[in-house]
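Worksheet for the structure shown next.
The values are calculated or read from the model by the stated rules, or taken from the named source; none is laboratory data. Because the structure is a prediction, the values reported are computed rather than measured. Cβ coordinates were reconstructed from backbone atoms using ideal geometry, including for glycine residues, and neighbour counts include every protein chain displayed.
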Amino acid sequence: MSRILVFANQEGDVLSSGAKEAIAFGSRLASSTGGEVRSITLGPFAEAGAKEAIASGASIAYTITNPLLAEYDVELFGNSIHTVFEQSGADILILSFDKIGKDLVGRLAARNGASAITEVVDYTANSDKIGWIRPIYGDKAFGEYTTTRKKVVVGIRKKSQDVNVPDETNKGEIIEVDYAPSEEMIVSKLVVKIQAALSDIRLEDARIIIAGGRGLGGSEGFTDLQVLANVLGGTVGASRAACDAGWVPSNLQVGQTGAVVAPDLYIAVGISGASQHLAGITNAKSVVAINTDPEAPIFKRANIGVIADYKTVIQALTEKLKKVLV
């Protein structure tokens, strides 16, 4: 018998389309394995989401209503889901493999000592062994995978499932879980929120982006980038490595798992140019790369490449532009 937990992310006070698909998938799996599906919702509207999850097939709905969960944060959400995953005794965690799911699946699997499998569209269930089906070879075929670990975190491909028709007569139990972040985490998130408020230009809407990566060496380097962005009327972005290091907020991430952008000018500073980052700047009109490594992949995408220490280049460029533009 499978014990299944579904992370039911919300958009406002209603479940996201991906969450509805994940619950539908979990419900089918529970029926095939003689198990039950449970859900977890987070944030100030968690109870409303829990009721919707029960109407969609969950037998038990866990909620964490801590106000810090009003907006998505990978650490807070990850810790919350981990807490419930352990408390529920579930061996299968299902979530939509959307932008948030892509952020969480690997982290949750590592945190819980579980296997991780993504882009799942179907399953097989035979003799207590579940096979997870996902597209391969560019969606030209399907592969079936089994896992060896006791627990598994499953990311469901978006728009691959028919959602359940809600039944308000369904009965279920809502369990409020007590989760309190550490004081250090609260302070850290407050700082991140203040930093994020410094720029009111969405990356997707920006005409000019100055993005920093691991090559900046720390958060201090982003101060120089912000000064240049202010002069140019642009905004600051970052690579995933810089965001994961905690140098800047995650909402500044550019790339396949972050913001996909199309600015008139994209200045990549200290960014090597990993494939997922390059996927996020495919539609940039002009790319300027500044890096000390002449072999960095970013130079293959750049219209202009500068092999130099970014501090010298950025400071000199900023001073020059101030004289011309300000």
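Assorted remarks:
- Those residues of the stretch 260-298 which are more than 18 Å from Gly237 (Cα to Cα) and under 27 Å from the mean Cα position of the chain (by Cα), in sequence order: Ala296, Pro297
- Filter result (small (Gly, Ala, Ser) and within 15 Å of Ala22 (Cβ to Cβ)) within the stretch 60-87: Ala61
- Scanning the stretch 199-223 for residues that are in contact with a Gly (Cβ under 9 Å, 6 or more places away or on another chain), charged (D, E, K, R) and under 13 Å from Val248 (Cβ atoms) yields a single hit, Arg214.
- Qualifying positions in the stretch 279-298 - in a helix (DSSP H, G or I) and surrounded by fewer than 20 Cβ atoms within 10 Å (Cβ to Cβ): Ala279
- Count of the stretch 151-160 residues, restricted to those that are basic (Lys, Arg) and either surrounded by fewer than 13 Cβ atoms within 10 Å (Cβ to Cβ) or part of a strand (DSSP E or B) (or both), is 1.
- Scan of the stretch 124-150 for residues that are crowded, with 18+ Cβ neighbours inside 10 Å and touching a helix residue (DSSP H, G or I) at 6+ places or on another chain (Cβ under 9 Å), ordered by number: Ile130
- Test: residue in the stretch 175-188 that is in a helix (DSSP H, G or I), surrounded by 17 or more Cβ atoms within 10 Å (Cβ to Cβ), at pLDDT below 80 and not assigned by TED's automatic domain parsing to the domain that holds Ala274: no
- Residue check for Asp167: under 20 Å from Ala70 (Cα atoms) and at pLDDT below 95: no
- Residue identified as free of Cβ contacts under 8 Å to residues at least 24 places away in the same chain and either over 21 Å from Ile156 (Cα atoms) or surrounded by fewer than 24 Cβ atoms within 10 Å (Cβ to Cβ) (or both) among Ser59, Ser27, Ser88, Ser31: Ser31
- Residues in the stretch 247-273 that are over 21 Å from Asp309 (Cβ atoms) and part of a loop (DSSP other than H, G, I, E, B): Pro249, Gly255, Gln256, Thr257, Gly258, Val260, Val261, Ala262, Pro263, Asp264.
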